[in-house]
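Engineer: Supplied in structure tokens, the structure appears directly below.
The values are calculated or read from the model by the stated rules, or taken from the named source; none is laboratory data. This structure is a prediction, so every number in the text was calculated from the model and none was measured. Please note: Cβ atoms are built from the backbone with ideal geometry, for glycine as well, and neighbour counts cover all protein chains shown. Surface areas here come from the heavy atoms of the whole protein model, side chains and all, with no ligands, DNA or RNA. Shrake-Rupley method; radii C 1.70, N 1.55, O 1.52, S 1.80 Å.
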Amino acid sequence: MPQRSYLDWNATAPLRAEARAILAAAQDVFGNPSSVHAEGRAARRLVEQAREEVAALVGARPSDVVFTASGTEANMLALTPGIETADEKAPRSRLFLSAIEHASVKSRGRFSLEASEEIAVDADGQLDLNVLAERISRTPRPLVSLMLANNETGVIQPVAAAAATVHAHGGLLHVDAVQAIGRIPCDMAALGADVLTLSAHKIGGPKGVGALVRTSDDIHIDALIRGGGQERGLRAGTENVPGIAAFGAVAAAVRRQREAEAVRMLALRERVEAGIAAISPAAVIFGAGVERLPNTTLFALAGVKAETAIIAFDLEGVAVSSGAACSSGKVQPSHVLAAMGVSAALARGAVRVSVGHETGEADVERFLCAWRKLATALSNQERGIAA
Ligand code: PLP
């Protein structure tokens, strides 16, 4: 049995061996990738090799990958009225986003609150395509931002269908694939994404490295950070060479292993969910009726508070998280569950279990043991109160 069982892979993943090796080696490749001498060219080679690997992961051309300092920054870069196509050089008038987006999209990027609107999701947490079509039909040149998979529930969004609608209305589609990458296929052409966000640390790369990928350089985006002409003028600042190189290394690993890993993770997730149902038949698994990431379970049991459960799990050596966004240790009600129509009382108990490539059956068993203990203590407490 491992010392601790880390089941919070949607928050971040431990560094993969491939990333660790190249991070260490790249520290000595100290040249500035913009320099023309041999030292500079060696650093440039690392960056360009990584660009190829990241592009291959999403079926894009290397020249369409822009490295950023995070997924958050990539989202901020994409969400701008100044995103134009070669044949339509006019600002995007309005941003549409789903009601369940990550905070980095929910904050609207460089759009004002007034110039944006949220599209509802159904009780399973999937975007309502009819509402999307109806809302964007009245807007010239809309920009639509959708996540491919939700970070709390794991619910996969109907992105390809949304893309058809968006394009039929002359719009552009930004896809936040931060949680989907390495877990489900993320080919940009199949998704119909015009721009797509990635983050290295969710797939075992270092923190503080992300990418925005365009389908072509016909999509012009006004830079968020201006200065030198790095990253084709879209993201100024000397590149984080070791971080980018490590992103490339994990992108290559994930591309090789994704299909087999998805099957393995799904088996673990099914064991988690069967165990929860056996121990607590009244527990609710959110989004259970629709397609979800193979690694994510968000569940709640009426009467259990997430804070209490997470601390109890932690004491048993299990790291899980609350479905709600945590800021400075304070648990906020989840906007995702609220958008799905889940009562605040039940949402307060939501616990997220997310597995990854290092998770084994022993980790799942430890989680279920801890849950059994917690659920038993709770029902004993209730019986005590009732007596
Ligand atoms: N988008 C989604 C769906 C996420 O889950 C996250 C991180 O949790 C981000 C964006 C932000 O990525 P980063 O942590 O690299 O800023």
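Engineer: Where in segment 1-111 are there helices (runs of 4 or more DSSP H), lying wholly inside it, with at least 1 residues that are without any contact (Cβ under 8 Å) to a residue 24 or more places away in the chain?
Structural biologist: Passing ranges, in order: 17-26, 38-57.
Engineer: For the structure I just gave you, tell me whether Glu48 is within 14 Å of the ligand (Cβ to nearest atom) and of a type in the set (D, E, K, R).
Structural biologist: It is false that Glu48 is within 14 Å of the ligand (Cβ to nearest atom) and of a type in the set (D, E, K, R).
Engineer: Among the residues that make up segment 126-136, is at least one of them touching a residue at least 24 places away in the same chain (Cβ under 8 Å), surrounded by 17 or more Cβ atoms within 10 Å (Cβ to Cβ), over 23 Å from Met340 (Cβ atoms) and out of contact with any Cys (no Cβ under 9 Å at 6 or more places or on another chain)?
Structural biologist: no
Engineer: Could you check segment 200-219 and list, in sequence order, the residues that are surrounded by fewer than 21 Cβ atoms within 10 Å (Cβ to Cβ) and assigned to a strand (DSSP E or B)?
Structural biologist: Scanning segment 200-219 gives a single hit, Ile219.
Engineer: Check Arg16, Arg41, Arg94 and return the single one that is closer than 26 Å to Ala249 by Cβ, open to solvent by 50 Å² or more (accessible area, probe 1.4 Å) and of a type in the set (D, E, K, R).
Structural biologist: Arg41
Engineer: Give Glu118, Glu134 a once-over and let me know the one that is charged (D, E, K, R) and part of a strand (DSSP E or B). If you could, list the steps in order and put the result at the bottom.
Structural biologist: Working: Glu134 fails: part of a strand (DSSP E or B).
So the residue among Glu118, Glu134 that is charged (D, E, K, R) and part of a strand (DSSP E or B) is Glu118.
Engineer: Evaluate the following for Ser145: is it in contact with a strand residue (DSSP E or B) (Cβ under 8 Å, 6 or more places away or on another chain), of a type in the set (Gly, Ala, Ser) and within 8 Å of the ligand (Cβ to nearest atom)?
Structural biologist: Details: in contact with a strand residue (DSSP E or B) (Cβ under 8 Å, 6 or more places away or on another chain): yes; of a type in the set (Gly, Ala, Ser): yes; within 8 Å of the ligand (Cβ to nearest atom): no.
Considered against the rule, which asks whether it is in contact with a strand residue (DSSP E or B) (Cβ under 8 Å, 6 or more places away or on another chain), of a type in the set (Gly, Ala, Ser) and within 8 Å of the ligand (Cβ to nearest atom), Ser145 comes out as no.
Engineer: I would also like to ask the following. Looking for something in contact (Cβ under 8 Å) with a residue 40 or more places away in the chain, away from the ligand (no atom under 16 Å from the Cβ) and touching a Gly at 6+ places or on another chain (Cβ under 8 Å) - is there at least one such residue anywhere in segment 194-210?
Structural biologist: For segment 194-210, residues in contact (Cβ under 8 Å) with a residue 40 or more places away in the chain, away from the ligand (no atom under 16 Å from the Cβ) and touching a Gly at 6+ places or on another chain (Cβ under 8 Å): absent.
Engineer: Restricting attention to segment 148-162, report how many residues are aliphatic (A, V, I, L, M), open to solvent by 10 Å² or more (accessible area, probe 1.4 Å) and within 16 Å of the ligand (Cβ to nearest atom). Even if it seems obvious, please write down each step before you answer.
Structural biologist: First, the residues of segment 148-162 that are aliphatic (A, V, I, L, M): 148-149, 155-156, 159-162.
If we keep only those that are open to solvent by 10 Å² or more (accessible area, probe 1.4 Å) too, we end up with 156, 160-161.
After this cut, where a residue has to be within 16 Å of the ligand (Cβ to nearest atom) as well, the list is 156.
Summing the residues that are aliphatic (A, V, I, L, M), open to solvent by 10 Å² or more (accessible area, probe 1.4 Å) and within 16 Å of the ligand (Cβ to nearest atom) in segment 148-162 gives 1.
Engineer: Oh, and also: Report yes if Val178 is in the same structural domain as Ser137 (by TED's automatic domain parsing) and outside any strand (DSSP E or B), otherwise no.
Structural biologist: yes
Engineer: Just wondering, is there one or more residues in segment 241-260 that are away from the ligand (no atom under 16 Å from the Cβ), open to solvent by 50 Å² or more (accessible area, probe 1.4 Å) and under 25 Å from Val29 (Cα atoms)?
Structural biologist: Scanning segment 241-260 turns up no residue that is away from the ligand (no atom under 16 Å from the Cβ), open to solvent by 50 Å² or more (accessible area, probe 1.4 Å) and under 25 Å from Val29 (Cα atoms).
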